[in-house]
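S.K.: Got a structure for you, written out below as structure tokens; questions coming shortly.
Computed from the coordinates by the stated procedures, all read-outs in this text should not be read as laboratory data. Bear in mind that the values here come from a model prediction, so they are computed numbers and not experimental data. Positions of Cβ are generated from backbone atoms using ideal geometry, with glycine treated the same way; all protein chains shown enter the neighbour counts.
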Amino acid sequence: MSRSSLCWSLGLILFGLVLVFAPVNLTDYGLPYPGLKRYGTYIMTLWLVTAIAAMGVNLIVGYSGQETLAQAAFLGIGAYTAALLTKAGIPFGLAFAASGLLAFVVGILLGIPALRVQKHYLAFVTLAFAVMAWLVFRNEQWLTGGVMGLSGIKRPVVFGINTRPFLNFYWFVLAVMAVMAFCMWWMLRSPWGRAFTALRENPVRAESLGVDVRLYKLLTFAIGSAYGGFAGALYAPLVEFIDPSPFALSQSFLYLLMVIVGGAGSFLGPFVGAAIAVLLPEWLRFTETWYLLIYAFLVMVLMAFCPGGVVVLVLRIKAVLLPQAAKVRP
Amino acid sequence: MTSVLDVKRLSRSFGGLQAVRNVSFDVQEGEILGIIGPNGSGKSTLFNCILGQLVPDEGEVRVDGDVVTGLRPSELNRRGVSRTFQLLQVFPELSVRENLILAAQEHRGSRLKRLFGPRDAGLTPDANRMIEFFRLGHLAEEKAGSLSYGQQKLLDAAMAFMAGPRLVLLDEPAGGVNLTMLANLKERLQAINAETRATFVVIEHNMEFVMSLCTRILVLAEGRLIAAGKPAEIRSNPDVIEAYLGHQANDE
């Protein structure tokens, strides 16, 4: 194992441990860390769920160079599917799988006509779809409960452990997120990932080298949307009550924004972006109504000076502080 | 014996302009065929029609006897037809080796197998051999975008050969390449032609390059095929001198 991959592995293990123990009160074990309360843990869980959806957007936007303005709608598809199925007595595992699968299939159906033409067309198609999905969530009361929403969504029992307590649910979501991040990482480092990069950088050349550009675009769009569906299936039991508002078009813009702010095309980008999108409103709570204005201003400054997002910004700062690490090979 | 490439009565127009008019020719295995002609004579349109980038209005294209007209470029590529582009087309963010692996990975196994198989799709040895062959050894790990123009041209050509193609169409391989690199490129192309018996079709403006590389040359003017023959015959053909060489002399 090379030194850098050893560093990465150790860092990953350390980060994993921090995530596992972040909400836990460690004072009983003689460590001066009080852990997180119910609300803090809820925010952490929300961050993980948001990061899963953002990973999907990153696959579509950052890795394969397409556009999506419908991730919140896919989250909604996943959330309503999981809620309705679990309320009908179907085990959560199956409901979770069905949520992702349905989002995948809808992604394919949406992508087939849209991907025959230029990429901006996909943006418009997804935008229209986001509005349409939201209208379905709001108006089809018999199915979705309309604006009254669906309440009493139960958290699952996983391998005999009830995830009803907030800490258990956090760990459950953390485990699911880890599996999904691993799957994404695996796909991106496989030959598929290379094909994604190729179709983002130069689709005409990629096509001439045997890369079926249309199929790969469709796959990335559908898989990215499926990540939205999976995230939705976790979101429903997290909040235990769903209504159409978190799946509106404005939220889809937010998912796109967080990936761009975090760092599109970088693996950690969606995690950073989701953290900013979920945590910043909490930290900026004291600014009250100024919050959105400050957020917008920060985003504009970031985009003007570092369009690669926060991940690139951190790498640049690291390069300034540790010049030898960034030295270009001769 | 069937030809590797057989083009029959190919035509393509854009609005009122007939870019390619009723062009027919064939190419035998191992041949290096040059296509020359003044700017706007229809060379690139002809290439794009053969390669599936454009659909011809009329006519048909066969590769190894099979009709391939209307196939998409990726399908054509997987049948052993590969190309380079007039303007540089490497993937700047990928390393030289990654560019080469990409150029052949879609020919290896099924798509699902590639997802679960090794990261390099088992192509690192092939890529390394190609890197050595095109003398890019010291640059294997560099990002393609950081290479000089000439080196990128070599990489571009190397990518076209990675999957072991039957037929390679080279669109102005000499364009913008300095003299030393040009000699290198020509010599490598001849070596790979001798080694693999791959068939080449070359569009080129550089007369010296095309006359010394190709075994047979076609001349296009205003979308029509006006001459075909060995380099020496083409050089002395009055129609060609009139349509092309004279033309170019006036340009310069």
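S.K.: Tell me, what is the percent relative contact order of chain A, built from C-alpha pairs under 8 Å that lie six or more residues apart? Write out the running numbers ahead of the final one.
M.R.: Working: 486 pairs, mean separation 98.1, N = 330.
Here the relative contact order equals 30 percent.
S.K.: Okay, moving on. What is the calculated FRET efficiency for residue A:286 to residue A:10, with r their C-beta to C-beta distance and R₀ = 30 Å, to the nearest 0.05?
M.R.: E(calc), rounded to 0.05, equals 0.25.
S.K.: 7 Å from Cα along Cα→Cβ at both residue A:94 and residue A:135: what's the point-to-point distance in nm?
M.R.: 3.4
S.K.: Amide H to amide H, which residues 5 or more places from residue B:170 or on other chains are under 5 Å from it, using H placed in the peptide plane?
M.R.: It is B:84, B:201, B:202, B:203, by chain and number.
S.K.: Same structure again: Using helices alone, I'd like the mean residue ellipticity at 222 nm for chain A: each DSSP H run of four-plus residues gives -39500 (n - 2.57), total over residue count, nearest 500.
M.R.: So the calculated ellipticity at 222 nm is -23000 deg cm²/dmol.
S.K.: I would also like to ask the following. Please label the shape of the stretch A:123-183 as rounded, prolate or oblate, based on the square roots a ≥ b ≥ c of the eigenvalues of the alpha-carbon gyration tensor (a/c under 1.5 means rounded; beyond that, a/b larger than b/c means prolate, else oblate).
M.R.: Verdict is oblate for the stretch A:123-183.
S.K.: For the stretch B:133-207, what is the convex hull (Cα atoms) projected area averaged across all directions, in square nanometres?
M.R.: So the mean shadow area of the Cα hull is 5.1 nm².
S.K.: Another one. Can you put A:314, B:68, A:213 in order, fewest other beta carbons within 10 Å first?
M.R.: Details: A:314 15, B:68 18, A:213 22.
With the fewest neighbours first, A:314, B:68, A:213 line up as A:314, B:68, A:213.
S.K.: Next question. Pairs A:217/B:8; B:43/B:186; A:217/B:143; A:318/B:143; B:43/B:230: which exceed 26 Å Cα-Cα?
M.R.: In this structure, A:217/B:8 lie more than 26 Å apart at Cα.
S.K.: If you take the beta carbon distance between residue A:2 and residue B:110 as r and set R0 to 22 Å, what does 1/(1 + (r/R0)^6) give as a FRET efficiency, to the nearest 0.05?
M.R.: So the FRET efficiency works out to roughly 0.10.
S.K.: Okay, next question. Viscosity 1.567 mPa s, temperature 4 °C: give me the Stokes-Einstein translational D for the stretch A:224-271 in µm²/s, with Rh taken as the Kirkwood radius over C-alpha pairs. Can you show the working numbers first?
M.R.: Values: Rh = 11.9 Å.
For these conditions, the coefficient is 109 µm²/s.
S.K.: While we're looking at this one, here's another question. For chain B, report the % of Cα-Cα distances exceeding 30 Å.
M.R.: Tail of the P(r) past 30 Å holds 27 percent of the pairs.
S.K.: What's the average, rounded to a whole number, of partner chain beta-carbon atoms within 10 Å of each residue's beta-carbon in B:73-85?
M.R.: The mean count of partner-chain Cβ atoms within 10 Å per residue comes to 4.
S.K.: Let me ask you something else. Using 7 Å Cα-to-Cβ label points, what is the residue A:18/residue B:228 separation (nm, one decimal)?
M.R.: 6.9
S.K.: Given labels modelled 7 Å from the Cα in the Cβ direction, how far is it in nm from residue A:303 to residue B:58?
M.R.: In this crude label model, residue A:303 to residue B:58 measures out at 5.2 nm.
S.K.: Cα convex hull of the stretch B:118-252: mean projected area in nm², to one decimal?
M.R.: Average of the hull's projected areas for the stretch B:118-252 equals 9.9 nm².
S.K.: Could I ask something else about it? Name the lysines eligible as straight-distance cross-link partners of residue A:154: C-alpha to C-alpha under 28 Å, and not fewer than 8 places from it in the same chain.
M.R.: Straight-line reach from residue A:154, under 28 Å: A:37, A:87.
S.K.: So what is the relative contact order of chain B, in percent, for Cα pairs below 8 Å that sit 6 or more residues apart?
M.R.: Working: 462 pairs, mean separation 67.1, N = 252.
The value is 27 percent.
S.K.: When the Debye formula is applied to the Cα atoms of the protein assembly as shown, each taken as the same point scatterer, what base-10 log of I(q)/I(0) results at q = 0.10 Å⁻¹?
M.R.: The Debye formula, applied to the Cα set alone, gives -0.93.
S.K.: Whole-Hz Karplus ³J(HN,Hα) for the stretch A:132-147, in order, using 6.51 cos²θ - 1.76 cosθ + 1.60 and θ = phi - 60°, x for Gly and Pro?
M.R.: Computed from phi, the couplings for the stretch A:132-147 are 5, 4, 4, 5, 5, 4, 7, 9, 7, 4, 4, 9, 9, x, x, 5 Hz.
S.K.: Continuing with the same structure: Over the stretch A:11-57, what is the relative contact order in whole percent, taking alpha-carbon pairs under 8 Å and six or more residues apart?
M.R.: It rounds to 23 percent for the stretch A:11-57.
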